[in-house]
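Written out below as structure tokens is the structure these notes cover.
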Amino acid sequence: MTTLNTDNTQVDYVAEIKRLKKEKNAVILAHYYQIAEIQELGDYVGDSLQLAQIAANVDADMIVFCGVHFMAETAKILNPSKKVVLPDMEAGCSLAESCPIEEFKPFVESHPDHTVITYVNASAAVKTVTDLVVTSSNAEKLINQLPADEKIIFGPDRNLGAYINKQTGRDMILWDGSCMVHEAFSLEKITDLLKEHPGAELIAHPESEAPVLNIADFIGSTAKLIEYVKTAKAKEFIVATEMGILHEMKKVAPSKILIPVPVKDDYICNCSECTYMKMNTLEKLYNCMKNETPEVLLKQETIDLALPSINRMLEMSK
Ligand code: 13P
Ligand code: SF4
């Protein structure tokens, strides 16, 4: 199917993207929150940990990262000799933005005897002042590997941090950041949905607020939520995370009923979509592969300082 491109040419995006993949020896890494058409074109589709693990070992000349900026930066840090492109450089993350390095660095410096643990949803600059990076799929496991009396600063997500504190019995000092998508979910509407669907289970990403997590039947990263829907006995699930995940869930569990969580009344849009994740379109993906831009570029110093904390995560996750 051909579509009119920005330069007024007719382009069959799907066919052209597949052709460019071969021509440029490129690999497409797509996160579960991407639009369905992009997930279908991904050589690998995964959660942030899986995509980082793949990026570290990929042998292609160009990594086309269909996700958000911090994910593409992580790929560049892990595999700096590769060209890493992102279809839209504006595809940021509200959580990463809630933790500017200008504020986080003094916070770290004011706690000199603390280990700094950073959720991967943070800028490369923040990772340069971090001891250990974690993702939502390994945070609990990795933090449990540290001595029980280790003093810890955890940033930037206050919800994931509070959840890990609860699960591990720790008292990590939390940075006050959050994700605008996961904080939009309405507890009241979820409670109504659970009454309307008595057999349904509530499954939630740990970036959601505590009142939602407190009533969830299962909490996990995007990959873990997908695996849960596939293997759990329940037939119906109320899904408290970004809606893009439903594409893979429907593929792996076609007979299950999936209900996206409604957002609070005072939110402008009645959907649980991440505007940043949805900035990547087929057209932008095609243009980015054709022109090999926008490219993620980082100073060598940033790579050198950020790499140890990400490598430590990959080592401890094994
Ligand atoms: P995952 O690590 O579960 O893929 O989550 C990434 C993310 O941005 C969640 O909002
Ligand atoms: Fe960031 Fe939230 Fe979007 Fe995930 S869903 S990329 S945490 S803004």
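The values are calculated or read from the model by the stated rules, or taken from the named source; none is laboratory data. This structure is a prediction, so every number in the text was calculated from the model and none was measured. Every residue, glycine as well, gets a Cβ built from its backbone with ideal geometry; the counts of neighbours run over all protein chains shown.
If you go through the stretch 47-73 and keep only what is away from ligand 2 (no atom under 16 Å from the Cβ) and crowded, with 23+ Cβ neighbours inside 10 Å, you end up with ALA55, ILE63, VAL64.
Whether a residue is under 22 Å from CYS179 (Cα atoms), crowded, with 18+ Cβ neighbours inside 10 Å and hydrophobic (A, V, I, L, M, F, W, C) was assessed, and VAL296 does not pass this test. Residue by residue through the stretch 109-135, note down the ones that are touching a Lys or Arg at 6+ places or on another chain (Cβ under 8 Å) and assigned to a loop (DSSP other than H, G, I, E, B). Selection gives HIS111, ASP113, HIS114, VAL129, ASP131.
When TYR44, TYR32, TYR13 are checked against the criterion of being at pLDDT 95 or above and either within 13 Å of the chain's Cα centre (by Cα) or within 16 Å of ligand 2 (Cβ to nearest atom) (or both), TYR32 stands alone in meeting it. Per the listing ALA96, ALA75, the residue uniquely part of a helix (DSSP H, G or I), away from ligand 1 (no atom under 12 Å from the Cβ) and touching a helix residue (DSSP H, G or I) at 6+ places or on another chain (Cβ under 8 Å) is ALA75.
Among the residues making up the stretch 149-167, those that are small (Gly, Ala, Ser) and part of a helix (DSSP H, G or I) are GLY161, ALA162. Scanning the stretch 202-213 for residues that are away from ligand 2 (no atom under 16 Å from the Cβ), assigned to a helix (DSSP H, G or I) and at pLDDT 95 or above turns up at least one hit.
Residue pairs whose Cβ atoms lie under 6 Å apart, sitting 6 or more positions apart in sequence or on different chains, and linking a residue in the stretch 5-31 that is closer than 22 Å to ILE63 by Cβ to a partner that is surrounded by fewer than 20 Cβ atoms within 10 Å (Cβ to Cβ) and of a type in the set (Asp, Glu), are ASN25/ASP61; VAL27/ASP43; ILE28/ASP43.
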